[in-house]
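Here is the structure we will look at.
The values are calculated or read from the model by the stated rules, or taken from the named source; none is laboratory data. Since the model is a prediction, treat every value here as computed from it, not as a measurement. Counting neighbours? That spans all protein chains shown, and the Cβs are built from the backbone with ideal geometry, glycine included.
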Ligand SMILES: CC(C)C(=O)C(=O)O
């Protein structure tokens with residue numbers, strides 16, 4: 001069960017709009033193909049009610065509404081009402097799984113709490129809802145007084161509950177403890193279905209999920225990108241690959257959509273995932289050491305079952321001071337560039353020098369490094385000769401540019417919403433007169449080194465949607481608008497080089 005849209009939204013600072021929730025629900029159920037999704041907590045807001053209603057409407061048309069669940073509370077029927085009005089069919093009812101919570105927060109005995117829970121279950125079922133039951137703080141409750149937990153489950157065993165959900169609410173369990181506790185619950189109540197709901201406070205969420213499955217849990221919970229309260233939940237991607245590869249599980253998950261749904265969640269949540277996040281991180285299929293690239297060239301010696309192709313991703317070879325001949329060769333192959341042995345040696349030497357001075361080098365930078373080292377004019381089609389950009393409060397920004405394209409010089413002006421927009425408008429007008437267009441921009445990222453210096457260099461990376469796929473270029477400058485302009489000029493040179501190479505190929509064909 002994926003709970004990105006409920007527990008995931010309990011990540012500090014995350015709030016999904018209804019349309020974003022709908023898109024994520026579609027991606028999770030139809031593309032990634034998880035079995036169940038939990039999409040909201042009842043009574044949170046009118047926006048949440050609208051999100052649930054939209055998801056249910058969509059899911060109902062596809063016969064998936066029973067797989068959409070909503071967290072609700074023992075609140076005299078208010079949650080049941082809310083869920084029913086939104087069209088929901090499944091209530092995940094939050095009960096107290098620890099005696100401490102039951103007494104300390106509710107001030108109730110187990111019997112009194114069970115009576116309240118049962119009344120809510122009866123009401124929900126009488127209105128046509130299916131009910132699962134969360135035993136909140138189960139991990140501590142089971143450790144402190146297992147008899148309380150057994151008593152709660154025993155008293156409700158005949159209540160028609162689909163899944164008893166056992167949360168490690170504070171993420172305090174180890175895999176051994178999860179295994180022992182769930183084996184015990186499953187052994188004691190063989191007729192019931194237990195879910196395990198992890199948290200990652202000790203970094204053990206994925207390992208705990210595997211232990212729960214080995215112990216006989218009927219279902220496990222996770223979130224995309226490990227979002228969730230405090231340190232988060234367990235990552236869907238990690239859980240899926242571990243269940244398949246380590247426990248030989250048969251899952252319906254389509255792994256080729258894991259990276260895409262991770263990107264969607266990253267963009268809707270505003271929470272960037274780290275570059276080394278397993279399966280979905282930007283760098284996890286990049287070989288950095290030259291020895292690894294060499295091993296790959298000699299027969300995939302450094303590959304595991306986690307191949308990039310399995311996740312519709314691509315292997316990359318980093319360029320920097322650790323790069324070797326094979327790393328360069330792999331990058332040249334990707335760019336379709338041929339270089340003599342001698343030139344490869346010179347280019348590699350320059351890459352190592354750049355890496356030594358802490359410069360980041362990407363595959364897209366390689367043509368420019370080659371041009372510089374070999375003193376060729378190959379990537380020198382466009383040059384910004386001068387440029388002025390103004391920014392003002394409450395007025396449009398203006399840009400005036402003088403640019404060389406091939407051996408002709410053009411001038412132009414543009415206005416826009418910010419300096420970079422004004423620049424691209426000025427450039428776009430000049431290019432249009434030459435029958436050229438700027439490709440659409442699909443991502444724009446500016447970074448400054450940590451440390452708070454306002455005179456630091458900024459690095460701008462722009463991803464463009466070109467006819468040959470995505471192209472990411474970078475520019476570096478003390479002024480972030482000029483860093484973005486630098487990235488744009490790189491893109492322009494690459495595009496013009498490609499166009500020239502294609503027209504040469506066509507004319508010799
Ligand atoms: C709301 C509850 C079920 C929860 O997320 C937890 O206990 O971890």
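Numbers at a glance
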| item | result |
| --- | --- |
| Candidates 179, 196, filtered to the one that is buried (at least 16 other Cβ atoms within 10 Å of the Cβ), over 19 Å from residue 100 (Cβ atoms) and either in contact (Cβ under 8 Å) with a residue 40 or more places away in the chain or within 15 Å of the ligand (Cβ to nearest atom) (or both) | 196 |
| Single unsatisfied condition, residue 92 versus (1) in contact (Cβ under 8 Å) with a residue 40 or more places away in the chain; (2) touching a helix residue (DSSP H, G or I) at 6+ places or on another chain (Cβ under 9 Å) | (2) |
| Wholly within the range 79-176, helices (runs of 4 or more DSSP H) carrying at least 2 residues that are surrounded by 21 or more Cβ atoms within 10 Å (Cβ to Cβ) and more than 13 Å from the ligand (Cβ to nearest atom) | 110-126, 146-156 |
| Positions within the range 223-237 being outside any loop (DSSP other than H, G, I, E, B) and under 10 Å from residue 200 (Cβ atoms), in sequence order | 223, 226, 235 |
| Criterion violated by residue 2 - all others in (1) in contact (Cβ under 8 Å) with a residue 40 or more places away in the chain; (2) within 16 Å of the ligand (Cβ to nearest atom); (3) in the same structural domain as residue 70 (by the TED database) satisfied | (3) |
| The listed residue being within 16 Å of the ligand (Cβ to nearest atom) and touching a strand residue (DSSP E or B) at 6+ places or on another chain (Cβ under 9 Å), out of 208, 225 | 208 |
| Condition met for residue 231 (within 16 Å of the ligand (Cβ to nearest atom) and touching a residue at least 40 places away in the same chain (Cβ under 8 Å)) | yes |
